[in-house]
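So the structure is just underneath, and the comments pick up after that.
Only the coordinates and a few stated rules stand behind these numbers; no lab work does. Keep in mind that this is a model prediction, so the values were computed, not measured. Because the Cβ atoms are built from the backbone with ideal geometry, glycine has one as well, and the counts that use them run over all protein chains shown.
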Amino acid sequence: MIATALLIAAIACFHAFLRGYGGSRIRRRFARRAVRHWLWFGMPALLMLASLGRIEALAGLPPEFVPARIALARLIGGTLAPGDLLRVTAIGVVSGGGVLALVERRRRRPLGVGDIEAVLPRTRRELPWGVLTSISAGVSEELFFRLLIPLLVAGVLGSAALGFAVATVLFGWAHRYQGRIGMVATASAGASLAAAYLLTGAFWIAVALHVVIDLNALVLRPALSGRLRAQA
């Protein structure tokens, strides 16, 4: 019963986050976006996990997720070591981001899947806010989409796999300002983060990977692309 009530509350938080977060209104101060992430994703997730008595899920894979982990491991032929996955992914993301930044510098326009121009830093002064936003989104969104929602759906419907599927769809929809292609790309990234979490059994790996991906998009590429103005 409590899981059902909390799931409804979580969906309400998701809806509240989306209000006023699309179209031209998305261009807000970075600090305000960081606050919104914690107001509607991070803090509700922590409070709801505490209400369930499941704060320990931050440190270890919840039992509800084990069947999904086993099924995924069988599908790809085994589990993954957290450190190895983080190292390989970070190297790939950073090197790939550097190459794309050089191409953007030459073409004088951002490249990528989906419309992310509205959330990119436009001046050098905004780069530190890009770091803040990357960390804030990486932690709060993983708490909400890769832990809370799957756990609540598993508690209500008995399927963690379905919970991760629902969370992936919601994660894509939360980025609808990027257009249809951007939503598909974001949902795919969310599915990959969920897979990384399950295959390593470490929640922190999903957070770290999310932060690395966002730092690439919001800090590394803008800084190297030559598109930033000296001041607003």
Problem set entry | Centre separation in Å (Cα based) which lies between segment 79-100 and segment 48-62 | 28
Exercise. Given labels modelled 7 Å from the Cα in the Cβ direction, how far is it in nm from His15 to Val169?
Worked result: 1.6
Problem set entry | Separation in nanometres of the label points that stand 7 Å from Cα toward Cβ, at Val66 and Arg125 | 5.4
Exercise. So, in nm, how far is label Ala81 from label Ser192 when the simple model puts each one 7 Å beyond its Cα toward the Cβ?
Worked result: 2.2
For this session: Taking H placed 1.01 Å from N in the peptide plane, check which residues at least 5 places from Thr123 or on another chain put their amide H under 5 Å from its amide H.
Result: Arg229
Seminar exercise, completed: Note on segment 37-104: C-alpha Rg/Rh, Kirkwood Rh, two decimals, gives 1.14
Exercise. For Val88 and Ile8 in the same chain, what is the full-extension length gain: residue separation times 0.36 nm, less their Cα-Cα distance, in nm?
Worked result: 25.0 nm
For this session: Using the Karplus curve 6.51 cos²θ - 1.76 cosθ + 1.60 with θ = phi - 60°, work out ³J(HN,Hα) for each residue of segment 70-84 in order, rounded to whole Hz, and write x for Gly and Pro.
Result: 5, 5, 5, 4, 5, 5, 9, x, x, 8, 10, 7, x, x, 5
Exercise. When the chain is fully extended, how far beyond the present Cα-Cα distance does Ala50 get from Val99, taking 0.36 nm per residue of separation?
Worked result: 13.3 nm
Exercise. Can you run phi through the Karplus equation (6.51, -1.76, 1.60; θ = phi - 60°) for segment 35-43 and list ³J(HN,Hα) in whole Hz, with x for Gly and Pro?
Worked result: 5, 4, 4, 6, 5, 10, 10, x, 5
For this session: Tabulate in residue order the Karplus-calculated ³J(HN,Hα) for segment 121-130, using 6.51 cos²θ - 1.76 cosθ + 1.60 with θ = phi - 60°, rounded to whole Hz; enter x for Gly and Pro.
Result: x, 10, 10, 5, 5, 7, 4, x, 5, x
